[in-house]
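The values are calculated or read from the model by the stated rules, or taken from the named source; none is laboratory data. What you see is a predicted model, and the numbers here were worked out from it, not measured in a lab. Cβ: placed from backbone, ideal geometry, glycine included. Neighbour counts: every protein chain shown. These accessible areas exclude ligands, DNA and RNA; they are computed on the full protein's heavy atoms, side chains included. Shrake-Rupley method; radii C 1.70, N 1.55, O 1.52, S 1.80 Å.
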Amino acid sequence: MFGKWFRLGAAIALPLLAISFYLDQYWLWIYLALLAVLASMILYFKQGFQKSIPILVFLLPLSLSVSLSSSVSLVVPSEFLLVVIGPIVLIELYRESFKLLKQYPWPTLWLLSFIVPIVASEMLTVSLKFFFINALYVLTFYYGIILWQKKGGEFKRLVLAFSLGVFPVLVLGLINYARYDFNPITISGIYEPFFYSHTFFGACMALISAYCLGKISSDKLWWLPAIVFGLAAFLSGSRAALWSMLFMLSLWALLQLGPRLRLALPLLVISLALALGGLQKIEDSFSYNKLQSYDPKASLVEKSMSVTNVQSDVSNIERLNRWVSALRMFEERPHWGFGPGTYQFTYIPFQEKKLENRLTVRNPDYPPEGSGGTAHSEILLQISENGWPSTLLFLIILARWFYLGFWPPSHQRKLILPLFLGLATYYFHMHFNNFLNQPAFAFLFWSFGAMLEQQYKVD
């Protein structure tokens, strides 16, 4: 058996070494690939898969983005470890005759839906890299963690590993914030270089806090991390994170009711609100709201309420500009989009002139300060890059997880509740930001969904 794998490794390594002598500009990538192949083989033969997953998860919040060239960066060590662990997951799936792919087909179908958009992509290299990264995320964080759990792993250990990894980042952020006298203007960069923005950090903290809240019914010790990470989400200053937690708490309250009331009560409340002029009040909030998200004198409540200010809040106006651009791109290429991962390079001609502001990007190589991100919407990003078939499959995955979590069997409730509450924060957050291309958040999203599905298969 060892000889077979040794020959396979040599068959991969020797051509790569030969190529590296002639293609000097790719030597770093080739040697990284060789190192990954070697590490993967050692890990496989040493049967280190079970230990490698918690280590990877612990290192996710502590990973850094490192530029390898003028146009390519790598998140280390997390993305390198994914390349090492991914082949082991593939081997394990092969040994089971890909049974897991048949049991849990939707993420695989979603990945397969990338094929046509990649072929039609405006930037083939970008799309291939984007697909490769997302395939690694699904392979390792979805199927890999199901395999890890089947081999005796406890998922709460992974959540604790992630929490331990993120704790020093939280402390560092608070120290940095204190250095600037807690000036809200500095909030966006205090978690660097580990989290590129406060919104990304806030989304992770909201999700972890919600999971811990769901665990309290089975173990009161989870109160402490629930409060700590809830406060971290609060202090992140991310409006979307705060609103996502309110959304999660609303769902948690509904889960205390019977299955029929969970659906009937929201419909009744919405109907009454509309009948009492709620629609007009919503329109007024968009027309007359003058609260500014970046006003240093504004309270946290006022900053949260600024989400409907599309008259003068440049953050909201630019987000609206990105949404309009995505919809126009979809209108032009509804079936296959512009190619996975290409939005940030292709959306500029589709911007609305009336929505241009100081954050508007006119050259993707030189964006204005504070104007990062892409479509600021997971759904609109996918529909502009991949077209409607891929987006529909993603929505089916989301709808399935919501159904499984919102109407769980009574005897599985304690196991499912933490996972559902965690995912619920991103069900809200994904309409205003997109983080699934980040390894730390990809772990939270895909692993929580995997464990939610796994509870029903076990049942």
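Taking amide H positions as modeled 1.01 Å from N, with prolines and chain starts lacking one, the residues under 5 Å from Ser73 and 5 or more places away or on another chain are Leu68. Residues of the range 141-169 with an amide N closer than 17 Å to a point placed 7 Å from the Cα of Leu64 along the Cα-to-Cβ direction: 166, 168-169.
Computed from backbone phi with θ = phi - 60° and the Karplus coefficients 6.51, -1.76 and 1.60, the 3J(HN,Hα) list for the range 315-329 is 4, 5, 5, 5, 4, 4, 4, 5, 5, 4, 4, 4, 5, 5, 5 Hz; x is used for glycine and proline. Surface analysis of the range 341-457 yields an accessible area of 38 Å² per residue, using protein heavy atoms and a 1.4 Å probe.
Could you give the length gained on full extension between Leu90 and Ser217, defined as 0.36 nm per residue of separation minus the Cα-Cα distance, in nm? Could the numbers behind the result be given before it?
Numbers: separation 127, 0.36 × 127 = 45.72 nm, distance 3.66 nm.
Fully extending the segment from Leu90 to Ser217 adds 42.1 nm.
Here each label is just a point 7 Å from Cα along the line to Cβ, and for Leu101 and Val228 those points are 4.0 nm apart. In the complete set of protein chains, residue-level accessible area for Leu267 is approximately 100 Å², probe 1.4 angstrom.
Please report the relative contact order for the range 28-152, taking Cα pairs under 8 Å with a sequence separation of at least 6, and give it as a percent rounded to a whole number.
27
Rounded to the nearest Hz, the phi-derived 3J(HN,Hα) couplings of the range 199-214 under the Karplus curve 6.51 cos²θ - 1.76 cosθ + 1.60 (θ = phi - 60°) are 5, 5, 4, x, 5, 5, 5, 4, 5, 5, 4, 5, 4, 4, 4, x, where x marks glycine and proline. Say R0 is 35 Å: what FRET efficiency, to the nearest 0.05, do Leu327 and Ser250 get from their beta-carbon distance? Efficiency computed from Cβ-Cβ geometry: 0.80.
Each principal axis of the Cα cloud of the range 113-165 was taken in turn, and the coordinate range along them, longest first, works out to 42, 24, 11 Å. As a quick test, which of the pairs Lys46/Lys99; Lys99/Lys215; Lys215/Lys414; Lys151/Lys215 have an alpha carbon distance above 19 angstrom in this structure? Lys46/Lys99; Lys99/Lys215; Lys151/Lys215, as the Cα separations exceed 19 Å there. Give, to the nearest whole percent, the P(r) tail of the range 98-250 beyond 28 angstrom, counting all Cα pairs. It works out to 39 percent of all Cα pairs.
Estimated from the Cβ-Cβ distance and a Förster radius of 35 angstrom, the FRET efficiency linking Arg260 and Asn437 is about 0.35. Less than 5 angstrom separates the built amide H of Arg333 from none of the residues sequence-distant by 5 or more or on a different chain. With a 1.4 Å probe rolled over the protein heavy atoms of all chains, the accessible area of Tyr104, Tyr403, Tyr44 falls in the order Tyr403, Tyr44, Tyr104, largest first. Working from label points 7 Å from Cα in the Cα-to-Cβ sense, the Tyr31 to Tyr366 distance is 3.4 nm. What is the spin-label model distance, in nm, from Ile185 to Leu124 if the labels are put 7 Å beyond Cα along the C-beta direction? For Ile185 paired with Leu124, the spin-label model returns 4.8 nm. As a length-normalised measure over Cα pairs under 8 Å and 6 or more apart, the relative contact order of the range 156-217 settles at 23 percent. Protection proxy ranking of 116-128, 328-340, 382-394, by the mean of other Cβ atoms within 10 Å over each peptide's residues and highest first, is 382-394, 328-340, 116-128.
Surface listing: Trp401, Trp222 arranged by accessible area from highest to lowest gives Trp222, Trp401, probe 1.4 Å. Put simply, the amide H of Leu64, placed in the peptide plane, has neighbours under 5 Å in Val76, Ser78, leaving out anything fewer than 5 places away on its chain.
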